[in-house]
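The structure appears below as structure tokens.
Computed from the coordinates by the stated procedures, all read-outs in this text should not be read as laboratory data. Everything quoted here is computed from the prediction, not taken from an experiment. Heads up, the Cβs are rebuilt from the backbone with ideal geometry, glycines too, and the neighbour counts pull from every protein chain shown.
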Amino acid sequence: MTDCLFCKIIAGEIPAKIVYEDSQVIAFNDIRPKAPTHILLIPRKHIEKLSDLNADDAALSSHLMLTVGKIAEMAGINENGFRVVVNNGPFSGQEVYHLHFHLLGGKQMSWNPA
Ligand code: 5GP
Ligand code: ZN
């Protein structure tokens, strides 16, 4: 998707502070951090939102979930805990339509939307 912001980050066309990458996913710092640590974990494959994942994406979905803990450990937020947020569609306020997991940590969360 040439007009997708996160695909451009994957392609190196837009700079980002990458904190982890492998053949299937990359993770980078959010440009407007909402917490001391705010990392976005995304699949290299352009998938617009969580609810668009299908059976063909089973291995990728698993890999994304398994990578959350690895990145949290690397970022030093695993011991105290952190929040994972996935916005999905208009009512959630999703701004970038390339699936991403927000990893938010480094402070006590004061609001629990769930
Ligand atoms: P959403 O609201 O779609 O769940 O989250 C999109 C996130 O992308 C926001 O937290 C926003 O700060 C972040 N973001 C938007 N543009 C850029 C950018 O150019 N670079 C980086 N690193 N993050 C961005
Ligand atoms: Zn994309």
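Between Asn78 and Val96, full extension at 0.36 nm per residue minus the direct alpha carbon distance yields a gain of 3.9 nm.
Helix 58-75: angle to the longest alpha-carbon principal axis of the chain, degrees 0 to 90, nearest 10? So the helix axis and the longest Cα principal axis differ by about 40 degrees. Close Lys pairs in the chain, defined as Cα atoms under 23 Å apart and 8 or more places apart or on different chains, number 15.
By the count of other C-beta atoms within 10 Å, a proxy for reagent exposure, Asp3, Asp56, Asp30 are ordered fewest to most as Asp3, Asp56, Asp30.
Using just the Cα positions, wrap the chain in a convex hull and report its mean projected area in square nanometres, one decimal place.
So the mean shadow area of the Cα hull is 7.4 nm².
Peptides 39-48, 105-114, 77-86 ordered by packing proxy, namely the average of other Cβ atoms within 10 Å per residue, highest first: 39-48, 77-86, 105-114.
Over segment 5-105, Cα pairs under 8 Å with separation of 6+ residues give a relative contact order of 32 percent.
Here segment 28-73 and segment 2-16 have alpha carbon centers that stand 15 Å from each other. When the chain is treated as a Gaussian network with alpha carbon springs shorter than 10 Å, the biggest mean-square fluctuation among Ala75, Ala35, Ala11 belongs to Ala11. For a paramagnetic label modelled on Ala11 (point 7 Å from Cα along Cα→Cβ), amide N atoms under 17 Å away belong, within segment 90-113, to 97-99.
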